[in-house]
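Below: the structure, in structure tokens.
Read-outs: derived from the displayed coordinates by stated rules, not from any lab. Because the structure is predicted, anything quoted here is derived from the model rather than measured. Glycine also receives a Cβ, built like all others from the backbone with ideal geometry; neighbour counts cover every protein chain displayed.
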Amino acid sequence: MKKVLAIILGGGAGTRLYPLTKLRAKPAVPLAGKYRLIDIPVSNCINSQIYKIYVLTQFNSASLNRHVSRTYNFSGFNEGFVEVLAAQQTPKSSNWFQGTADAVRQYLWLFKEWEISEYLILSGDHLYRMDYSEFIQRHRETNADITLGVVPMDEKGASAFGLMKMDWSGKILNFSEKPKGDALQQMQVDTTVLGLTGEDAKQKPYIASMGIYVFKPQVLVDLLEKSPEQTDFGKQIIPAAATTHNIQAYLFDGYWEDIGTIEAFYNANLALTQHPQPPFSFYDEEAPIYTRGRSLPPSKLLNCQVTDSLIGEGCILKDCQIQHSVLGIRTRIEAGCTIQDTLIMGADYYQPYVERQSNLNLGSIPIGIGSNTTIRGAIIDKNARIGQNVKLINKEQISEANREDQGFYINTGIIVVLKNAIIPDGTII
């Protein structure tokens, strides 16, 4: 794997995850109380012994740069690195990235400098654990020009993804982007070819692209340089190459979740609290998920009732009830609060006790959740200041609302409080 170069696509403006992407790049969005989205593909690479990793992004990359530089420092005795590449103007292109393929195209001059055997192209907003060495081994054994990671899919979920058909050997023949009706039925395949049992194949007769690819180096260069008008891998580059190149499928039958929307992100985080076995576990010692190491004190729970929840480091909780929730680092919750079905991302720093008391005495709101507040079905972004006697419960059952001037959005019924927002005492949402 020493000759594999990984390229993680950090995405564009992250509109589907807005407002969590208002002040940060999508790969820098906090996950599971202490991680960032970028930690998933980078950790998968490290666990697969792939140490040359570039991350492509073009929006709000400051916090992503900071996280990567503080987290991933390899020994000086190898060529390992994790480096963020932001969109920039060059003599050849004055444009921002126009799509996934265009992002890679604009940095081909840099990627060509490495003597490598494969390019591994990954997405930055999926939650899964994969040994990429097996993925790459399949690519080598079939002498493929391109190998796609695919997941088996049932009929209910299939129409939301790009689907493909293949022959008996696993060679991809054609693609269909989010088909419906008869077009969907025509995309059924025999998934036993990829190793599913007969029963599983009946339940999941479709294969969907995971948005991760392995390319032979020259194949990628040729496809990108000869078709500059094609800007997206999944919609243009790979479907067009299906008739001219050997494109193979690699079946991944583990947990995989696209967490690129507010609803999917919220559900994936809360699913981590499931007992006894969550769909995705951060407790696998053989393939750990890495993140920035922080010297935070243990969490302090004073007369609290906590059920089915994850609590990050350095939290201070007083006389409150926490149910089916995920609390990020440095979360502070005052007495009399009820937090249910909620993701709280925590804070970037501690407010000194004197400053907090001064805030309260002057009628302003300190960082954290004020006393006697109830929060249900919400995402609270970092450094939010929520006052006393607040109710964030979506009382009117509103599905969508933009209240950015008031510090929150509602997306698919989920209240999302913005980073650094202030919610005054007594507010009811």
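Within a 10 angstrom radius of the beta carbon, how do 219, 82, 150 rank from fewest other beta carbons to most?
Fewest to most other Cβ atoms nearby, the residues stand as 219, 82, 150.
Kindly point out, ordered by number, any Cys in the chain whose beta-carbon has no other cysteine beta-carbon under 4.7 Å away.
When partners are defined as cysteine Cβ atoms under 4.7 Å apart, the chain leaves 45, 304, 315 without one.
Report ³J(HN,Hα) in whole Hz for each residue of segment 412-429, in order, from the Karplus equation J = 6.51 cos²θ - 1.76 cosθ + 1.60 where θ = phi - 60°; Gly and Pro get x.
Each residue's phi maps through the Karplus curve to give 6, x, 9, 6, 10, 8, 5, 4, 6, 5, 10, 10, x, 3, x, 5, 10, 10 Hz.
As an exercise, use a Förster radius of 45 Å and the Cβ-Cβ distance of residue 116 and residue 428 to find the FRET efficiency, rounded to the nearest 0.05.
For residue 116 and residue 428, the calculated efficiency is 0.20.
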